[in-house]
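Structure first, commentary second.
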Amino acid sequence: MIESVLGSLILVAAAAQPARQQPSTYDVVVAGMQCKQNSMESLECDYRVGRSLHVNIAGVGDKDASITFLSASFEGDYYASVGVLHGCVIVKPGEERDGPGMLDFAFISPRSGKVYADWEACQRAE
C-alpha cells in the first residue's frame, strides 16, 4: 500500500514539473546568424534557423541588397516571409515547432543584418 501511494506521489510530482521552455524564435535566429565581408567588400549574412529555414542577405545595408530563401518550409520548424510595410524578413514558427506560440516572431533587417524582436525596431534599423 505504501509503495502504491509513494509511486502515485512520484508520478504526480513528475507531472507537475514545468516543461522545458523552448527558446524563442528571436533567440534561435540570433544563434543561427553568421555575417562576413565577401570578396566585393560587401557584408553578407547567413541565417540558419532550426532544421528547415536558411536565409541569405547579400549586400547588407546596400541599396541593391538581396534576400534569398535557400530553404523554407511551413511544414518544418521555421519559415519566413518579407513584410512589405517594413521591408524586414519575418521568421515564424512552422507546424513542427513546439515552442512559445504562433505569434513568436523574429525580424531580420536587410539594412543592418541584425535580428529584432518586433517589426517597429526592425523598420527603424539603419
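Our summary gives region 22-124 a relative contact order of 24 percent, counting only alpha carbon pairs under 8 angstrom and 6 or more residues apart. Report the FRET efficiency, 1/(1 + (r/R0)^6), for residue 35 and residue 74, where r is their Cβ-Cβ distance and R0 is 25 Å, rounded to 0.05. Efficiency at R0 = 25 Å is approximately 0.40.
Phi angles across region 41-47 convert, under the Karplus curve 6.51 cos²θ - 1.76 cosθ + 1.60 with θ = phi - 60°, into 3J(HN,Hα) values of 6, 10, 7, 10, 10, 10, 10 Hz, Gly and Pro given as x.
Bear in mind these aren't lab numbers, they're just calculated from the coordinates by the rules spelled out. These numbers come from a predicted model, not from an experiment. Ideal geometry is used to build each Cβ from the backbone, glycine not excepted, and the neighbour counts take in all protein chains shown.
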